[in-house]
Ligand SMILES: [Fe+2]
């Protein structure tokens, strides 16, 4: 029997893959203001972007429900980023040197996913492996079958959308699109269907849309809402240049890839 979200009936703000992008985080919080009761973060708070310390401080004002991502592990020295590409490794080393001792300690203290909250689960990569990328049926179906709740939220791929599995074994992908800032898609959570929901990346989207992404779970309505928010990407890029971060990482922000 799968647990369904029902007891608290709250609206949860779901943030993932902020990646030290303060401008993107602030814009998401601004757009979501007044629309949620509690917030959670699926990891990768830092890495790539220019504001690791400020982003951690801002996130901790919003929530303490945070799990670790692979970049949080690498930037705090839990892992050595040996599987990262050279650009990601360069940004990781810069982040490690820039983080305060307190923030390094905070990152090291983050729990791994999956974490079971009030009727739903959160994971960074996959509920079956915190570092696994869920990109299609081969990885999504085993993860969907592993769920102990109807719905799990995951990040890591930086692709807003998700996957669903009906009780008869029907598999479908969820894709988002919408040119206007705000809610780009709302998905009603139906009985007998399991959901893997990726809110998208706040600070480094890779789905071809450069705008910051997040989601809101509405317990009362049994609905997930996907959002996009335009932010001052040029300001983030300027800070990255000043910090000496690799140029390809700076350019990709405006491309959403
Ligand atoms: Fe990430």
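Summary of values
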item	result
Quarter of Cα convex hull surface for the range 166-253, i.e. mean projection, nm²	7.1
For the range 1-107, Kirkwood radius (reciprocal of mean inverse C-alpha pair distance, Å)	14.6
Gaussian network model of the chain, springs between alpha carbon atoms under 10 Å - residue of 211, 108, 238 with greatest fluctuation	238
Helix 22-32 axis, angle to the chain major axis (alpha carbon atoms, nearest 10°)	30
Angle between the chain longest axis and helix 137-146 axis [Cα atoms, degrees, rounded to 10]	60
Per-peptide average of other Cβ atoms within 10 Å, ordering 166-173, 149-156 highest first	149-156, 166-173
Antiparallel bridges, percent of DSSP beta bridges restricted to the chain (to nearest 5)	75
Sorted peptide list for 110-116, 40-46, 83-89, criterion being average Cβ within 10 angstrom, highest first	40-46, 110-116, 83-89
Estimated FRET transfer efficiency when R0 is 41 angstrom, pair residue 190-residue 243 (beta carbons, to 0.05)	0.35
Contour minus Cα-Cα distance for residue 54 and residue 85 (0.36 nm per residue)	8.6 nm
Ranking of 135, 66 by count of other Cβ atoms within 10 Å, fewest first	135, 66
Gain in span if fully extended, residue 175 to residue 30, counting 0.36 nm per residue against the direct Cα distance	49.8 nm
Along each principal axis, Cα extent of the range 11-252, largest first, Å	52, 36, 30
Folded to 0 to 90 degrees: helix 86-98 orientation relative to the chain principal axis, Cα	70
Spacing of the two label points (7 Å from each Cα toward its C-beta) at residue 93 and residue 63, in nm	3.3
Extension gain, residue 166 back to residue 255 (0.36 nm per residue minus Cα-Cα distance, nm)	28.6 nm
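Rule-based calculations on the coordinates, nothing more; no lab input. Computed from a prediction, not measured in an experiment: that's the story for all the values here. Using ideal geometry, Cβ is built from the backbone for each residue, glycine included, and neighbour counts are taken over all protein chains shown.
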